1. Compare the peptides 238-244, 99-105 by average per-residue count of other Cβ atoms within 10 angstrom and give them in order, highest first.
2. Indicate, rounded to the nearest 5 percent, the antiparallel portion of the DSSP beta bridges found entirely in the stretch 181-276.
3. Multiply the residue separation of residue 261 and residue 24 by 0.36 nm, subtract the distance between their alpha-carbon atoms, and state the gained length in nm to one decimal.
4. Multiplying the sequence separation of residue 1 and residue 201 by 0.36 nm and subtracting their Cα-Cα distance, what value in nm do you get?
5. Over all Cα pairs of the chain, how is the pair count split among 5 Å bins, expressed in % and running from 0 up to the last occupied bin?
6. What is the spin-label model distance, in nm, from residue 110 to residue 173 if the labels are put 7 Å beyond Cα along the C-beta direction?
7. Quick one: work out the % antiparallel among DSSP beta bridges in the chain, nearest 5.
8. Once fully extended, how much extra length lies between residue 253 and residue 188, figured as 0.36 nm per residue of separation less the alpha-carbon to alpha-carbon distance?
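Every read-out reported here was derived from the displayed coordinates using simple, explicitly stated rules and does not represent laboratory data. Keep in mind it's a predicted model, so treat the numbers as computed, not measured. Neighbour counts are summed over all protein chains in view; Cβ atoms, including those assigned to glycine, are modelled from backbone coordinates with ideal geometry.
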Amino acid sequence: MDFTLVNESKTISGIKLYISPLLTRYGIVHGFPTRQGGVSQGMYSSLNFTTNTGDSPEAVRENVLRFLQVMDTPPSHSVFSHQVHGNHVARVTADFSGFTPNAYGVWNADAPCDGLACDIPGISLLTASADCSLIFLYDPRTHQIAALHAGWRGAALDIAGKGVEALSEAGADPRDLVAFLPPAIGSCCFETDPDVPQAMYNAFGTAIDPYIAEVSPNRYRVALQRINAHALARRGVLPHNIEICEICSCCHDEFFSHRRDSTKRGLTRALIRMPL
Ligand SMILES: [Zn+2]
């Protein structure tokens, strides 16, 4: 399908962000940061957002607060997903019910949710990745956004479709939606056992054939971003409104990568917000 391939970045105060030309045109604040511009050291260097792999809490705190400041959003107006490789999309409301402030003063989802949806300008949604495909959605007509974490398990649970559904339930027409898939692991590096392609075929049927290649007996390369883009398109999002940045997070050291570095790594968080 003719998705739109993009490769655009900008640097603000030393933090390099990959961005979507379409979301930029609509004035949506957003970005997928690289590793640069933070204070963490060694294998966490440097803009790391998690303490789960052993980084110092002070450094992570500084990174989170620095990134939010650069993106011009206070912690009290920022929301973190609670990712479990599932497909639940939580809606963020003005009273933040279902969310509790964390150690940084950012709202954390109380229950697992790999997706966040919101129709309130000024609230930033942040989803985490170290190879996993992320999806940002924006509806210019009903003014809603969503941020989805779609690694292979979430992709096979059709979190992309669940995100479209969440916005549609609040009045969006999928044909109006704009989507951006920032850098993630590419098919060059995402070599898997048969379980991954099988899960994808179970979810999407043979329509995803072009995005899976058998490279040796029982070994496959999977184009995760393309499968997520297909999942959006089959819900009615127009392919030319789906922007994919296909830079591979595993090939390029400017990103954290679980496939490359296992747990000796940090994690990034990408952000989307409708301006006030
Ligand atoms: Zn690669």
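1. 238-244, 99-105
2. Antiparallel: roughly 75 percent of the beta bridges in the stretch 181-276.
3. Here the answer is 82.1 nm.
4. Taking 0.36 nm per residue and subtracting the Cα distance, the gain is 70.3 nm.
5. 1, 6, 14, 18, 21, 18, 12, 7, 3, 0, 0
6. 3.7
7. 75
8. 21.9 nm
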